[in-house]
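Report on the following structure.
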Amino acid sequence: MGARVALVSFDRATIGAMSCNPAIGGLGKGHLVREVDAFDGLIARAADDAAIHYRMLNASKGTAVQGPRIQADRRLFKASIQRQLAGHDKLTIVEGEAAALCFAVGSGTRVSGLKLADGTRLSSSAVILATGTFLGGKLFRGEERLTGGRIGEAAATILAEQIRGAGLPMARLKTGTPPRLDGRTIDWSQLEEQPSDAGRWTMSMMHSHRALPQLFCAISRTNSQTHDIIRSGLGRSPLFGGDIAGQGPRYCPSIEDKIFRFGDRDGHQVFLEPEGLDSYLVYPNGISTSLPTDIQEAMVQSMAGLEQCKIVVPGYAVEYDHIDPRALDSSLAVRGFAGLYCAGQINGTTGYEEAAAQGLIAGLGAATRLFGMPMPAIDRSNSYLAVMVDDLILQGVTEPYRMLTARAEYRLRLRADNAPTRLTPLAIEAGCVSSERENLFKTRVERKQALEAAFQTKLTADQLLRHDIAVKPDAGRMSLSEWLRFPMITGRDLVAILYGADMEVDEDALAEVEQDSRYAPYLERQDAEIRNIAANDRIALPDELKYSDIAGLSNEMVERLEAARPETLSAASRVRGVTPAALAAILVYAKRAERSRSIAA
Amino acid sequence: MGTADTIFALSSGAPPAAIAIIRISGAQAFEAIELLAGRLPAPRRASLVTLRKPSGEELDQALALVFPGPGSATGEDLAELHLHGGRGVVRAVEATLAMIPGLRQAEPGEFTKRAFQNGRIDLNEAEGLADLLAAETEWQRRAANRMMGGAFSALIEKWRVEVLRLSALTEAELDFSDEDDVQAHNSQSISDSCRTLHTAIMEVLNTPSAEKLRDGLHVVLGGPPNSGKSTLLNTLVGRDAAIVSDAPGTTRDRIEVPVAFDGIPLIFIDTAGLRDESHDRIEIIGIERTRAAFDDADILLWLGAENEGPPHPQLIEIEAKSDDPAHLQKSPVAIVVSAMSGGGISDLKAEIVARAKHLLPPPDRFAINRRQRHYLEMVVADLAEVSDSHDWLIIGEHLRQVRMSLDRLTGRAHTEEMLDALFGKFCIGK
């Protein structure tokens, strides 16, 4: 888009370091990665550059909920990010500790730049805070306490103080990471293997094949002995001693939490994921913990295949500051401050994918504001990006927010495979796509359109039967895309009828057309619903609306609405606990205010 | 409190009457009472006050009641004045109230609209209240009471909780089954639960609709010209509603007469007699309308030749004009009546009432209206598709649609237009 950007970090060498599990993607998260890629973000390409294991989650279910996920070689992932960043000539990496936001003279709210701990001042019209777990970061392991955002790294303590002092609504959240194991001490022969998917799909649209050799993961399991060991250490856990105040994620609990809450289970799966091609480190996914090191060792060694296993780095919990994201608007700008944006864990989310997606939104927000352009028109019906932002700014968080497909009410149309179709046109319009991607996208669109045109051809049930496709003889004559509504008919079958079995077509385009057709009746039904929401989206609610003045809203509703300040009536309808009656009252009040304004004008 | 006007209206029937009740709702309601009565009575207690104009001239001795919001019927400060029910008194008090700045006459339905907007009632209760206010017969009143009491809302809530449970199972399957630690469910148990829910909702859908109760059952009189339909109608309703003459074809258009037998609302409809060979253009139009009336009839009284009436599940064969020796004879199935002597009329009324009771929602159940029926039909259609599907994604989508339809029933997905249409039905002051 042409903005000049400085990237400030403690240590240039750690940019691109994966803090926790060496994996990118997953259910809902894979969608986000593809959407960021559709805007020419880096994460998908870095993931492919480092991928040593590909797995399509939910492969047995409908495409819309399939989640592409890769295991990354940590070193290669970081190298790819560093290489890609170096290729951006308008980006400067600045090493140092961000210590304070600077504000314009005479203004406590208009951002003018950033001051580093060494006294350097960087001037800019917008600052995006992406503090990860570093803002007021504190590490816990058994009885040990450390200050820092990651093991062996510092925390942004001074900035945390300034932000708390600025009156922003801040709170604490907690996350954790498992111990890292020495793969050379694991008895792999005892364990069930999970090989990489055979498919040829990649994370980024820009890549047509997988570059690296593929490794396998393995699966072990906790058992009753493991659980006894964990129980014996609960008294020494900072989680249960009351030392950690921040709420952790319910869907990614520490192993001690799992045992405490689901003690009746006879075991929990542990995925053993290699950290790289030339690394012996193994990441045991499923046993995030902050128990003391001796308990961690005993726990690990109680599991099958891990009897002799050595821990290289013990697991720990990290507690950090985050802002109540309801203080943000839909471009992730902090309301009431000009030019201040937040992205990533500071907004109460978890995960690389959620962070990358917010970095994109905040970056778009800052750049479009700078250049006086409109934000790309993303909304809940066209992207997980917007689903996440909308959830965050309206509902706030009570635990680290993780993307799930269940969060997207229009997920039938929000597939990982059609992210470019949904979003790249918006990205091109906003000017954030390379010419290389734009050309590739145009080719893709042309191929898809050609297939769509071909699939308007009508065929009779007889014609299908003659090609050994089992349909009811009296099913009549339909277009190919209508025939695709029958689950047993594939796009490939129909291409064979049209062009012969040897015809080569773009597999991605074909898969997309097939899925579009498959769910077409449902998408049509949703269209009407989406139009209704769009109508309520046109009813803007003024930022200064005084909810406490509206009769009939409970104190709880007033509190939530004042905190979230929904931008439109349909956003207000999504604020939890807002009843239909309350919404009617808000509508009437807003209409009346509008009327009196227009009379006054 | 909001900046809304304070509204007032006569809330009891048209004067003159023994008493007349004026309701005042809004931020200035108590101020208005103080202005007129000189003091504000204790909340929720009837107090005798003397109402005066600002000039000091006495208006009336009245009972005043004040209900502070938000615990009042409208959710706002609410006051009632029980006046002596003469037209002059009512007009004078209304005129005095209208002179207070910020006070105005209420629009139709506005008290209920405020109750709804202030969260005092939900949409189903609002509709129940609208029906209750419009209820003219005992049966209508009892059914409306059930709806307003929230019996229907409670049922929807029960269904909604069940659908939420099924949705949660489905979402767990979609978002977590590949990540361990969620026990795989099978779609069979969800299908089974959906079928059970389907059956429960069908039971409600199969009860007769609320419109019948509100508007009355159509009892249509049919038969050839001059078979005595108009005479029978006049006898049944107890007045001369239809023109009666011996000339065949006197009734050219349908005549509708609303009555209540045993508290059951009925509309008697007289039709033009059916003749095949008429060339009179007006009469032909009348005959077309007759056929439409037959289609729309809930009960059909057939005065023509036996078994020659239009096919209808509730056809009552009538042997009319039994006092006339030349009258059309029928088998014992028919009810023999004589409009002239009144013979058989009470038997016929009893038969009509017996059949009507089958067609109306039982008084101890709520009745659903067309809007509610529409959304329940959508719910049922989606539930049926869940049972047919093995694609979790589609199951999830149908369950989402079910949740939306249920939400619409309680008004979550309302539009301004729908609200206006609903509240436009209320008469002023309720």
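Coordinate-derived values only; no laboratory data. What you see is a predicted model; the values in this text were computed from it and never measured. Cβ placement follows ideal geometry from the backbone for every residue including glycine, while neighbour counts extend to all protein chains displayed.
Tabulated values for the structure
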| item | result |
| --- | --- |
| Relative exposure of A:LYS174, A:LYS78, B:LYS349, judged by other C-beta atoms within 10 Å (fewest first) | B:LYS349, A:LYS78, A:LYS174 |
| Tensor-based shape of chain A (alpha-carbon gyration tensor, a/c under 1.5 rounded, otherwise prolate or oblate) | oblate |
| Per-residue ³J(HN,Hα) for region A:320-337, Karplus 6.51 cos²θ - 1.76 cosθ + 1.60, θ = phi - 60°, Hz, x for Gly and Pro | 8, 7, 9, 9, 5, x, 5, 7, 9, 9, 6, 9, 6, 7, 6, 5, x, 10 |
| Cα-based reach from B:LYS229 at 20 Å (exclusive), listing lysines while leaving out same-chain residues under 8 positions away | B:LYS321, B:LYS330, B:LYS349 |
| Under-5 Å amide H pairs with A:ILE128, H placed in peptide plane, nonlocal only | A:TYR341 |
| Restricting region B:363-411 to trypsin sites (Lys or Arg not before Pro) in coil, as DSSP defines it, with at most 10 other Cβ within 10 Å | none |
| Pairwise FRET efficiency - B:ASP391 versus A:HIS467, Cβ, R0 = 25 Å, nearest 0.05 | 0.50 |
| Among the listed pairs A:LYS78/A:LYS310; A:LYS90/A:LYS448; A:LYS29/A:LYS61, those beyond 24 Å (Cα-Cα) | A:LYS78/A:LYS310; A:LYS90/A:LYS448 |
| FRET efficiency, A:ALA245 to B:ARG289 (Cβ-Cβ, R0 60 Å, nearest 0.05) | 0.20 |
| Estimated 222 nm signal from helices in chain A, with DSSP H stretches of n ≥ 4 weighted -39500 (n - 2.57), rounded to 500 | -11000 deg cm²/dmol |
| Prolate/oblate/rounded call for region A:71-189, Cα gyration tensor, a/c under 1.5 rounded | oblate |
| Neighbour-count ranking [beta-carbon atoms within 10 angstrom, fewest first] of B:VAL163, B:VAL237 | B:VAL237, B:VAL163 |
| ³J(HN,Hα), Karplus 6.51/-1.76/1.60, whole Hz, each residue of region B:256-271, x for Gly, Pro | 10, 10, x, 9, 10, 10, 6, x, 9, x, 10, 10, 7, 10, 8, 10 |
| Set of aspartates and glutamates with alpha-carbon distance to B:LYS53 below 13 Å, sequence-local pairs under 8 removed | B:GLU34, B:GLU94 |
| Of A:ALA461, A:ILE497, A:PRO425, farthest towards positive along the dipole that unit charges on Lys, Arg, Asp, Glu beta carbons give region A:421-515 | A:ALA461 |
| Ascending count of other beta-carbon atoms within 10 Å, so fewest first, for B:PHE152, A:PHE216, A:PHE134, B:PHE30 | A:PHE216, B:PHE30, B:PHE152, A:PHE134 |
| Residues of type lysines that A:LYS472 reaches as a straight line, Cα spacing below 21 Å, ignoring anything fewer than 8 places off in the same chain | A:LYS458 |
